[in-house]
1. Looking at segment 82-113 only, could you name the residues that are aliphatic (A, V, I, L, M) and under 18 Å from residue 176 (Cα atoms)?
2. Among the residues of segment 122-133, is any at pLDDT 95 or above, among the small types (Gly, Ala, Ser) and not in a strand (DSSP E or B)?
3. Evaluate segment 195-208: report whether one residue or more is over 30 Å from residue 28 (Cβ atoms) and at pLDDT 95 or above.
4. For segment 72-88, name all the residues that are among the charged types (D, E, K, R) and either in a loop (DSSP other than H, G, I, E, B) or over 20 Å from residue 198 (Cβ atoms) (or both).
5. Being in a helix (DSSP H, G or I) and at pLDDT below 55 narrows it down to one of 7, 69, so name that one.
6. Cβ contacts < 6 Å: first residue farther than 12 Å from residue 185 by Cβ, restricted to segment 145-164; second residue hydroxyl-bearing (Ser, Thr, Tyr), any location; separation 6+ or different chain. Result?
7. Being outside any loop (DSSP other than H, G, I, E, B), surrounded by fewer than 19 Cβ atoms within 10 Å (Cβ to Cβ), free of Cβ contacts under 8 Å to residues at least 12 places away in the same chain and not basic (Lys, Arg), is that true of even one residue in segment 89-104?
Amino acid sequence: MVETVDNIEENIQEKQIDASNHPQQTLESLAIELRSALHQYPNFPSEGILFEDFLPIFASPRLFQKLINAFLIHIQEKFPKTKIDYIVGLEARGFLFGPSLALALGCGFIPVRKAGKLPGQVVQATYVKEYGSDVFEMQIDAMPEGSNVIIVDDIIATGGSAVSAYQLVKKLNCKILEFAFVMELDFLKGRERLQAPVFTLLSSQKEGLK
């Protein structure tokens, strides 16, 4: 049987957990479980970088759903009366969960990509990351003016890529409600560069993971 949009929305709602009574406790519990699935790789992709591997979460449907649930709990609690129009995801790991989160919220997903990857007319912004610099782009007609946007990515480190995404969304005259990340490397103080509220599910990089 082919699923209709209504069927899909009903299935999503069935999978979402009810955290209405204790949202913060539920969120903390989910964060602990998700952290236990992460792997760390020192000196990758370059010397001195401790790389956080989130891929084991996506290999497990159960953990993947819990990741989406965690973001849903936060967003529904923080913006109970605000319509979210778009999730904007950063290349590349923001693409892993951004579309699923957008589907669960019933909104659109817009990619921010590296230069030369998007067709048509684009806006550009340069960013500096932990181990280099690059150019981000977004299609100029991606969103109507005034759209409410949440920008997502896996990690906020120095904040360079997030600042670039913010600039792109602003160039389209849209409103950034929040940045949402799976993890924050808080010793790099990236959030201090951001001009919108910041939510991180895992707040700091800890040693001793797998």
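1. 84, 87, 88, 90, 101, 102, 105, 110, 112
2. no
3. No, the conditions are met nowhere in segment 195-208.
4. Passing the criteria: 81, 83, 85.
5. 7
6. These pairs meet every condition: 147/86; 149/86; 160/127; 161/127; 164/127.
7. no
To keep it simple, each residue is scored yes or no on (1) within 13 Å of the chain's Cα centre (by Cα); (2) of a type in the set (Lys, Arg).
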site	(1), (2)
50	no, no
73	no, no
95	yes, no
110	yes, no
114	no, yes
121	no, no
136	no, no
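The values are calculated or read from the model by the stated rules, or taken from the named source; none is laboratory data. Since we're looking at a predicted model, the values are computed, not measured. Heads up, the Cβs are rebuilt from the backbone with ideal geometry, glycines too, and the neighbour counts pull from every protein chain shown.
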